[in-house]
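Please read the structure below before turning to the comments.
Rule-based calculations on the coordinates, nothing more; no lab input. Every value quoted in this text rests on a predicted model; they were computed, and no experiment measured them. When we count neighbours, we look across all protein chains shown, and the Cβ atoms used for this are built from the backbone with ideal geometry, even at glycine.
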Amino acid sequence: MAATFPSPDGVPAPLPRMGSQLPPSPPSSVTNLKDLAIDSSSNPLSLVFPQEPQTVEGSRPYPLPPKARKNHVLPEDVKTPDNHVERDPRLIRLTGIHPFNVEAPLSDLYNEGFITTKDLHYVRNHGPVPKVEDADVLDWEFTVEGLVEKPLTMTLRDLIRDYEQVTYPITLVCAGNRRKEQNMVRKTKGFSWGAAGLSTALWTGVALPDLLARAVPKRGARYVCFEGADKLPNGYYGTSVKLNWAMDPNRGIMVSYKMNGEMLHPDHGKPLRIVIPGQIGGRSVKWLKRIVVTAQPSDNWYHIYDNRVLPTMVSPDDSANLPETWKDERYAIYDLNTNSATCYPAHNEAILLEGGPETYKVRGYAYAGGGKRVTRLEVTLDKGKTWTLANLSYPEDQYRMAAENETLYGGRLDMSWREACFCWCFWDLDIATSQLQAADDVMIRAMDDSMMVQPRDMYWSVLGMMNNPWYRVVIHKEHDHLRFEHPTQPALMPGGWMERVKKSGGNLTNGFWGEKVSGEEEIVQEEESAKDICMVNDKVKREIEIEEFRQHDGEKDTAWFVVNGQVYDGTSFMEGHPGGGASILGAAGQDATEEFMSIHSETAKAMMPDYHIGTLSATAQKVLTEAGEATSVDTSPRAVFLQSKAWSKAILTSKERISSDTKVFSFSLDHETQAIGLPVGQHLMLRLRDPVTREALIRAYTPISEGTEQGKLHVLVKIYYDTPDKKGGKMTQALDSIPIGHFVEFKGPVGKFEYLGRGVCSIGGKKRQVKRFVMICAGSGVTPIYQVLRAVMKDSEDPTTCLVLDGNRVEEDILCRKELDELAVLGGKRCELVYTLTRPGKDWKGLTGRMDGKFLEEKVGRPVEGEEGDTLVLICGPETMENSTRDALKGLGWRDEDLLFF
Ligand SMILES: Nc1nc2c(c(=O)[nH]1)N[C@H]1C(S)=C(S)[C@@H](COP(=O)(O)O)O[C@H]1N2
Ligand SMILES: [Mo]
C-alpha cells in the first residue's frame, strides 16, 4: 500500500476509504519528509516543518484539522511576559489576562469537529510561556537521566533523525474541565473551567518507550519524571507517571514537536512536549527539558499540590495543613474519568415551538480515560427515571484504517493495532420538540467499557477536579419557544441554572439539582453564600470615569479606590483604619480588589456600603487594569526598596530555621545599597501567589532587619504547621514552600504607629511624647516590639524606659531571645525584660504562668495619677492574647488611647 500510495505530508494523497475500489493517482507535488530530505533547501527547519499547504478535508479516510488561522499578538498580551505569543481572540480567558488559561466557546469547539485547530485548543499555562526562536528549535536540548544505564542528552534534531516518528490523534483534557460547576456548589481552590477544557489534535513525535529503551532503566526504577522550562513561583513545572506505563506501547505516551502538522505553538509547548493519551492534561509536560527516571514519584511542587482529588471532607482551610495528605500518591490523578457534555442545544439557544422543527438533534461529546472506550451514552428527560440510548460515533477509529506504514506529517499513523481509545467521541439523539416541551431538562450520562457510568451527584474536592456528574441542560418554556440553559458559563461569566438556583436560595446539593422538593424544609442558607458579604450600596447609581477617579489618587488627601469594579471613597476612614491611613492612601487611585479581598475580614467587608460612591465605567476599568500591570513591572533602580503603591519583588536568598516552627526568611533587594524604607514600628505587606489558583495571599509583617541595613531584608515568620490542637496557615506554608532564588513581593510601609525616637511617637499622624513603653508580646508578636525596643536601647540618649513582657509556652518558643537579652544589657536601667512560660522545662528559672490579669496587675500596675499619657502600652500577639490583655488593662484603669495593638 505504502508504495502505491506515497504518504504525503501536507498535501494528502486522495486515499480511498475502506472498500473503495480505484486507487487515486498520487498528487504531482509530493512533499513528504523523505522527498524533502534530499531537497536542496538550505533551511533545515523547512525540511522538518515544511510550510505545508492545509490538508484538504475528506481526501484521507480519517479527519484532518480544519484550516487554522493566522493570529497576531493581542493587545492584552502586549504588557505581559507572553508578548511574543500569537493567539486567537475567541478564546475565553479564565484567569484574567495572565497567565494564559483559556477555553473556546463550547459551540465553536464542537463546530471545529473531531480535530481542534491550534486556534481553539484549550491552554493551561501555570506561568509565562518560554520564548524559543524558530532558528533555535532544532537545537533545543533535553535529557533522559536518573536511574538509567545510558543517560542521554540530545537535541530535537537528534530526536527527529535517530528515532522512528509517529503521529497519533489524542484528546487532551484538563483535570479541571467542568470545574465551574463545582465552584458553584462550593468554591474550590481552582479557577472556573466550563465544559470546553479539552481538545483533540494530531501529535507527531517519538514514542517514549523507544527513548527509554535506549537509555535502559535500571533495576528499582519505577517512575518517570518530566520537567518543563517554565520557571514558576515554586520551581519548574514538573510531574511524573509510572515507568511501566511510559514503557508500554499500548499507553501511547510520546514526546511531540508537531501539532496538526505544524511546529508546536508556543502555548502548547514549543518546541517539545510530552503527550500522554488517556490521562489528564496536567501530566503532559510542555517545554520539555528533562526526563528523569526515578524510584519515587516526582517531588515537584506541582506534582504534589496540583492535579489531585483529595477526599471530599478536606476543606480549603484544612488543606493548607495536610502535607501528608497532599503527598499521598493515591490521590494523584492519572487516567481521566468518564465524562460527557451537551454542546447543542447551546446555552441560551432557543427553538420555535410553532413552525419550528419537528425534532431537534441533541448532541455533544464524551470521553473516557486510560484508553477505555465510551460504550454508551444515555439521555433522560425525566430526571433519570427512564433513559434513551444516543448514537455514538468514534472518528478516531477511522485512523485505524490507515494503510500500513502510512505517514501523516512525517509520522507513521501507528493506529491499526491499537485497541485503546485516546480521543473524544460524539453522540447525538433526535428528540421530538413536543417531548422537549414536555420535559424540564435533558440530562446525559456516559458509560465506559469497564461499565463505570457517570454519577448523578458531584464529588466535590478541594482542588475541584474530575467533575463528571450527569450534564444537565434545563428547558424553559417561554411563550412561543423553548430556551435551553446549561449549568454554568466559564470563568466569571454569569449565566446557567446553577447560579440561578443558588441565587434563589436553592441547595445545589439536595440531590435534586437544587430544585425545591415537596415537603423539603426551608433551606438553610449555606455557609459559603453567607460569606458573600454585600459590599455595595444599592442606592448608588453613579458611573465614574477614569479622569474623575484619578483626581482622588491620594495626592490631594482624598482617597478613592476600586474593589470589584465598584468605587469607594476611603478618605473619611483614613484615621479610623486599623492599618493606618497609609494603607488606604496606598490603594488610592488603584484597583485594590485582590489586596482588599484577601486581607479583610467579613466585618470590614460589611462596612463597605458606607463608603461606596459609584461604579467604575468599563473603559475606566480597562485603563486601570493596564496601569496596574505596568506599575508592577517597573524595574528601574531605586534608592529605596519599599513603595507604597506598587509591589516590589525581592529574591529569597535563605531560610534559616531558628526554632521548631520559626524561620528567618532573607531576601535580596534590587541592589546592595538599596534601603528598605521602613520606619521603626511600621510593617510591610508581603504578597505571594498560590501557584495553583494564582490567588493572592497577602499579610503584614515586621522585618527584624536593622533600619539602616541595605540590600537585604530579613523577615521572621512563624510557620503554622498542623498540630493536634491548632490548624496552620495558608500564607506561611506557601511562603515556606518557595524555593531559594524565587521572588515574593513587598509593599509598604503600613501601620498607624511610628517611633520617631527619644520618646516621640506618631500615632495616626498625631505626635505624642512618652516616657515609658510597656511592651507586651507573645510568640512571633515580638517582631514589631523588637523594632521599637531596639530603636530605644541603641540610642543611649533616649531616656524612654521599656518594660517588656514576653509570654510563651516553652523556652524554645521565645523568639529573638539572644537579641532581646543583648538589648536589655545595653539599655541597663532603662530596660526591664520579663519572660514567662506556661509550660516551663525543669531547668527554667524565670517566671511561669500566663500573662493574665493578676500577672499584669503585678507587672504593669495601674496608671499613675497625674502622669496620664506618659506610658504607652504596645501589644502584639495572637488575637485571644490581645483581647484578654485589653480587658485586663482596662480593668486596671488604662485608657484606650494608652493601648496600641499592632
Ligand atoms: N511545562 C508545563 N507543562 C504543562 C503545564 C504547565 O503549566 N507547564 N500545564 C499542564 C496542564 S495542567 C495541562 S491541562 C496541559 C495543557 O496543555 P495545553 O495547554 O497544550 O492544552 O499542559 C500541562 N503541561
Ligand atoms: Mo490541567
(request) Run the numbers on the chain and let me know its relative contact order in percent, using alpha-carbon pairs under 8 Å that are six or more apart. (result) 9 percent
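Rounded to the nearest angstrom and ordered from largest down, what semi-axes does the equivalent ellipsoid of the range 543-628 get from its C-alpha gyration tensor (root of 5λ)? Write out the running numbers ahead of the final one.
Working: eigenvalues 73, 40, 27 Å².
For the range 543-628, the ellipsoid semi-axes come out as 19, 14, 12 Å.
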(message) Could you list Met466, Met259 so that the one with the fewest beta carbons within 10 Å of its beta carbon is first and the one with the most is last?
(response) Met466, Met259
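Could you work out the relative contact order of the range 533-603, using alpha carbon pairs under 8 angstrom and six or more residues apart, expressed as a whole percent? All intermediate terms of the calculation are to be shown ahead of the outcome.
Details: 79 pairs, mean separation 21.5, N = 71.
With pairs under 8 Å counted, the relative contact order is 30 percent.
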(request) Just round it to a whole percent: the fraction of Cα-Cα distances in the range 715-827 exceeding 19 Å. (result) 58 percent
(message) Straight-line reach from Lys771: which lysines fall under 29 Å, measuring Cα to Cα and dropping same-chain residues less than 8 apart?
(response) Lys752, Lys794, Lys818, Lys829, Lys854, Lys859, Lys890
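Counting DSSP beta bridges with both partners in the range 757-901, what percentage is antiparallel, nearest 5?
Working: 5 of 30 bridges.
Bridges in the range 757-901 are about 15 percent antiparallel.
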(request) Using just the helices of the chain, give the 222 nm mean residue ellipticity in deg cm²/dmol: DSSP H runs with n ≥ 4 each add -39,500 (n - 2.57), and the total is spread over all residues, rounded to 500. (result) -4500 deg cm²/dmol
(message) Could you tell me the extents of the chain's C-alpha atoms along the three principal axes, largest first, rounded to whole Å?
(response) 112, 70, 58
(request) Give me the distance between the Cα centres of the range 332-369 and the range 52-123, rounded to whole Å. (result) 21 Å
(message) I want to make sure I understand the PRE zone here: with the label point 7 angstrom from the Cα of Glu545 toward its beta carbon, which residues in the range 610-625 have backbone N atoms less than 16 Å away?
(response) 615-624
(message) Going through the cross-link list Lys556/Lys766; Lys118/Lys286; Lys327/Lys663; Lys361/Lys383, which pairs have a Cα-Cα distance over 21 Å in this structure?
(response) Lys327/Lys663
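Between Rg and the Kirkwood Rh of the range 757-901, both from Cα atoms, what is the Rg to Rh ratio? Numbers along the way, then the final one.
Details: Rg = 14.6 Å, Rh = 15.5 Å.
Reported Rg/Rh, Kirkwood definition of Rh: 0.95.
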(message) For the range 368-417, report the % of Cα-Cα distances exceeding 18 Å.
(response) 53 percent
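So between Glu858 and Asn537, what do we pick up on full extension, going 0.36 nm a residue minus the alpha carbon distance? Write out the running numbers ahead of the final one.
Working: separation 321, 0.36 × 321 = 115.56 nm, distance 4.94 nm.
Result for the pair: 110.6 nm of gain on full extension.
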(request) Would you order Ile276, Ile651 from fewest to most other beta-carbon atoms within 10 Å of each residue's own beta-carbon? (result) Ile651, Ile276
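What length, rounded to one decimal in nm, is gained on full extension from Phe512 through to Glu404, with 0.36 nm per residue of separation minus their alpha-carbon distance? Mind showing how you got there, number by number?
On the way: separation 108, 0.36 × 108 = 38.88 nm, distance 5.19 nm.
Using 0.36 nm per residue and subtracting the Cα-Cα distance, I get 33.7 nm.
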(message) List the aspartates and glutamates whose Cα sits under 16 Å from the Cα of Lys270, skipping any in the same chain fewer than 8 residues away.
(response) Asp82, Glu86, Asp119, Glu133, Asp134, Asp136, Asp139, Glu141, Glu227, Asp230, Glu262
(message) Based on the alpha-carbon set only, what is the convex hull volume of the range 648-750 divided per residue, in Å³?
(response) 106 Å³
(message) Could you give the length gained by full extension between Thr653 and Leu353, i.e. 0.36 nm per residue of separation minus their alpha carbon distance, to one decimal place?
(response) 101.2 nm
(request) Just the number, please: percent antiparallel of the DSSP beta bridges in the chain, rounded to the nearest 5. (result) 80 percent
(request) List Arg772, Arg445, Arg839 from most exposed to least, where exposure is judged by having the fewest other Cβ atoms within 10 Å. (result) Arg839, Arg772, Arg445
(request) Evaluate the relative contact order of the range 757-901 (contact order divided by residue number), counting alpha-carbon pairs under 8 angstrom at least 6 apart; express in whole percent. (result) 26 percent
(request) Treat each spin label as a single point 7 Å out from the Cα along the C-beta direction, and report the His72 to Glu897 distance in nm. (result) 6.4 nm
(request) Kindly state, to the nearest 0.05, the FRET efficiency for His479 paired with Thr388, given R0 = 25 Å and r defined as their beta-carbon distance. (result) 0.35
